[in-house]
Amino acid sequence: MKRYWRDREGLDVALRILWKAAAAASVFLTGACATPLQAAPRQTLQDPATSAPATSALAVSPDLSAALDAYMKAAVRNAAFSGTVLVAAHGRPVFRGSYGLANRAFDVPNDTDTVYQLASVTKPFTALLIMMLQEEGRLSVDDLACDHLADCPPAWRAVTVRQLLTHTSGIPNYTSLPDWDEALDSRTYGPGGVVALVRDRPLEFAPGQGYRYSNTGYNLLGTIIERVAGKPYPEVLRERILAPLHMDHTVFNASRRIIPHLATGYYSIGSTFIEATPQSMTGVYGEAGLSSTVDDLSTWAQAVGAGRLVSPASLAQMTDGARNNYGFGWEIRTWHGRRMVGHAGSGPGFSNMVARFPDDDLTIVVLSNSDEASGGGTARALAGLYFGEATSLPEVQPKTVILDAVMAGGAEAGIRQYQAMKAAQPSAEAFATDELLVEIGYELSGLPAMEEARRLFEFTLEQFPQSAFSHDGLADLSVAEGDFAAAIAHFETSLRLDPDNEYAREGLKRLKGLPES
């Protein structure tokens with residue numbers, strides 16, 4: 001079923017969700033207000049024997065450590081955080097913390113040796129390999145991508161390597177296909193298999209004339225690396241980055257092989273964790289596939305900043321003059337008035353962020369095996385505390401309150417909770433749209449709790465008769481129950497309400513091709 005509220009495509013969405021949730025919590029939770037947390041000014045504690053900073057870790061004010069830990073414990077309580085975080089200054093740890101469980105069925109806690117699927121945090125690794133090959137004169141970022149690829153479709157002939165790196169190629173993103181979550185993401189793919197899903201589709205815009213995050217582009221970059229280097233992408237990655245940096249707990253795995261100490265990924269329904277929907281990793285290449293630990297990633301980030309992987313000139317080319325806040329494999333942002341270079345990564349049951357502050361020599365790594373948690377939002381908050389800024393503790397989200405009511409007392413209990421919250425704050429922005437209720441309906445359908453989901457979608461239509469997404473949800477439920485005629489009717493209604501709804505249009509195409517309909 002369509003995961004209406006999930007998005008794998010970059011940092012903006014993760015941060016918008018976090019900020020929106022924080023704002024909503026402060027509005028809806030009667031009597032609750034965000035607690036500002038102010039870190040004390042940072043102090044470097046001296047080693048009494050040498051009067052020099054300790055070498056194993058950069059000691060800081062106990063107040064800062066307490067503030068960082070307090071924030072993370074609130075994130076566990078109220079924002080479904082589960083995972084490990086690391087704050088490192090000048091290449092040395094300032095704070096490490098592990099929270100929650102790596103495996104809930106066997107009660108295995110997360111710790112600093114826990115390995116997490118990185119998802120799109122793989123992309124800057126791929127971009128670094130491209131820059132290494134450019135430094136050797138084996139390719140240029142201004143080469144036509146098809147010069148290094150076989151059997152390029154005509155529409156791709158003008159696309160450059162640079163445009164693949166910066167998501168400006170116009171090549172469609174395969175994970176944005178309307179039926180990706182429903183069917184395609186669970187298939188087994190060979191090399192080039194996921195690219196084949198979009199190779200015959202038209203470009204979304206002329207190369208270089210727009211921006212859209214594209215996993216397809218980075219998959220193609222992985223293939224280019226393989227062809228230019230003459231070795232499989234995982235082998236190039238291992239030889240050029242992982243082995244030289246002794247990243248012994250980092251592995252590329254696009255199969256079903258077992259990775260030691262790998263955390264299990266989880267979704268959550270309210271405050272209850274559930275297993276993430278299984279997804280095949282067989283199609284990934286340069287866009288995802290890495291798994292790692294916080295310490296390995298801190299080592300890597302420090303090596304990047306120190307120019308140990310590519311030259312300062314190449315690193316500058318990767319980050320300077322970025323359009324759309326995206327360079328070559330890096331998001332470039334301003335956080336807390338400081339330049340941040342990093343990348344988020346989210347997949348089924350995981351939400352991650354590696355954030356580097358080059359001017360401050362600070363790295364923050366957040367690896368979470370809960371995709372409800374925001375890796376980017378958590379990293380930003382930890383950075384604020386490090387820089388001495390007042391930071392609000394995470395609060396319980398309204399969606400969590402309503403879902404907990406549903407899980408405890410059924411759909412009607414959740415509806416009563418929603419009505420009570422709306423009565424308390426009738427002019428609140430979230431009650432002006434169907435978004436909150438639709439998210440809840442889809443989370444219930446993914447459990448699956450079909451009757452509860454149906455009732456929530458029906459209630460949404462009572463509140464918002466023009467809710468096309470509610471008809472999509474009811475159509476998905478009907479498909480799951482084999483009632484294709486009802487599904488077609490709901491999709492057709494959805495399209496009447498929203499003629500631009502590609503999800504409903506694709507749903508109708510599939511259903512009308514079935515003999516049963």
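Some points to look at:
- For the pair Arg92 and Asp248 in one chain, pulling the backbone fully straight at 0.36 nm per residue adds 54.3 nm over the alpha carbon distance.
- Computed from the C-beta positions of Asp113 and Ala313, the FRET efficiency with R₀ = 25 Å rounds to 0.10.
- Helical content of the chain, expressed as a calculated mean residue ellipticity at 222 nm, amounts to -12000 deg cm²/dmol (DSSP H runs of 4 or more residues, -39,500 (n - 2.57) each, divided by residue number, nearest 500).
- At a probe radius of 1.4 angstrom, the accessible area of the range 326-444 per residue rounds to 28 square angstrom.
- Label-point separation in nm, Lys509 to Ala480, each point 7 Å along Cα→Cβ: 2.4 nm
- Value in Å of the Kirkwood radius, where the range 139-243 supplies the Cα pairs that are averaged: 14.3 Å
- For the range 388-517, the calculated P(r) over all alpha carbon pairs, in 10 Å bins from 0 to the bin holding the longest distance, is 13, 39, 29, 14, 4, 1, 0 percent.
- Space enclosed by the convex hull of the alpha-carbon atoms of the range 310-466, per residue, Å³: 161 Å³
- Amide N of the range 463-496 lying under 15 Å from the label point, which is placed 7 angstrom from the Cα of Gln419 along Cα→Cβ: 463-464
- With 10 Å bins from 0: P(r) over the chain, alpha-carbon pairs, percent: 4, 18, 27, 26, 17, 6, 1, 0, 0
- For the range 172-240, the carbon plus sulfur part of the accessible surface works out to 46%, probe radius 1.4 Å.
- Percentage of interatomic Cα-Cα distances in the range 310-359 larger than 16 Å: 43 percent
- Potential lengthening of the chain between Asp151 and Ala206 amounts to 17.8 nm, from the contour at 0.36 nm per residue minus the alpha-carbon distance.
- With 0.36 nm allotted per residue and the present C-alpha distance subtracted, the Glu429-Asn324 stretch has 35.0 nm of extension available.
- Here the Karplus relation 6.51 cos²θ - 1.76 cosθ + 1.60, evaluated at θ = phi - 60°, turns the backbone of the range 103-113 into coupling constants of 9, 7, 5, 10, 6, 8, x, 5, 8, 5, 8 Hz, with x for every Gly and Pro.
- Here the range 290-444 exposes an accessible surface that is 46 percent carbon and sulfur, computed with a 1.4 Å probe and the other protein chains kept in place.
- From most to least packed by mean Cβ count within 10 Å, the peptides 283-290, 244-251, 183-190, 127-134 give 283-290, 127-134, 244-251, 183-190.
- Semi-axes of the equivalent ellipsoid of the range 182-287 are 26, 24, 14 Å, computed as sqrt(5λ) over the eigenvalues of the C-alpha gyration tensor in descending order.
The values are calculated or read from the model by the stated rules, or taken from the named source; none is laboratory data. For clarity, every value in this text was computed on a predicted model and none was experimentally measured. No Cβ is skipped: glycine too gets one built from the backbone with ideal geometry, and neighbour counts run over all protein chains shown. The protein model used for the area step is the full one, side chains on, heavy atoms only, and it has no ligands, DNA or RNA in it. Shrake-Rupley method; radii C 1.70, N 1.55, O 1.52, S 1.80 Å.
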